[in-house]
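One structure is given here, and the rest of the page talks about it.
The values are calculated or read from the model by the stated rules, or taken from the named source; none is laboratory data. All values reported here derive from a predicted model rather than from experimental measurement. All Cβ positions, even for glycine, are placed from backbone atoms using ideal geometry, and neighbour counts span all protein chains on display.
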Amino acid sequence: MGLIRIVILAVVAMLVYSLYKRIIAGPSRGAAESPQDERLGRLVQDPQCLVYVDSKDAVHRKVRGGDLFFCSEKCAEEYMEAAHTEG
């Protein structure tokens, strides 16, 4: 009988805690309601090595009025050198 009482008390405690969170602490926000994390950008592809990188972490260059994003300074330099030698 002692084990059954412990299980029942644990279930009651979980129910009380759930009710507390819903009533007192407010409803939890789901993924659809949560604001977008401002630390994250969008995925962009490095035109030199074709790796995808977060735009907020990428090396940014303006080329012919457009924005290009690179995974590293090295890739940006290689791309710019190749662009200058081609045309």
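Among all residue pairs at least 6 apart or on different chains, which show Cβ distances below 9 Å where the first residue, located in region 1-23, is touching a residue at least 40 places away in the same chain (Cβ under 8 Å) and the second is outside any helix (DSSP H, G or I) and small (G, A, S)?
Cβ pairs passing all conditions: none.
In region 47-81, how many residues are in a helix (DSSP H, G or I) and exposed (fewer than 12 other Cβ atoms within 10 Å of the Cβ)?
So in region 47-81, the residues in a helix (DSSP H, G or I) come out as 73-81.
Now drop any that are not exposed (fewer than 12 other Cβ atoms within 10 Å of the Cβ), which leaves 73, 81.
Qualifying residue count for the region: 2.
Which numbered condition trips up P35, out of (1) modelled with pLDDT of 90 or more; (2) outside any strand (DSSP E or B)?
So the condition that P35 fails would be (1).
When both residues are 6+ apart or on different chains and their Cβ atoms are under 7 Å apart, which pairs have a first residue that lies in region 68-87 and is more than 16 Å from D54 (Cβ to Cβ), and a second that is polar (S, T, N, Q) and assigned to a strand (DSSP E or B)?
Sorted first by the residue in region 68-87, then by its partner, the list stays empty.
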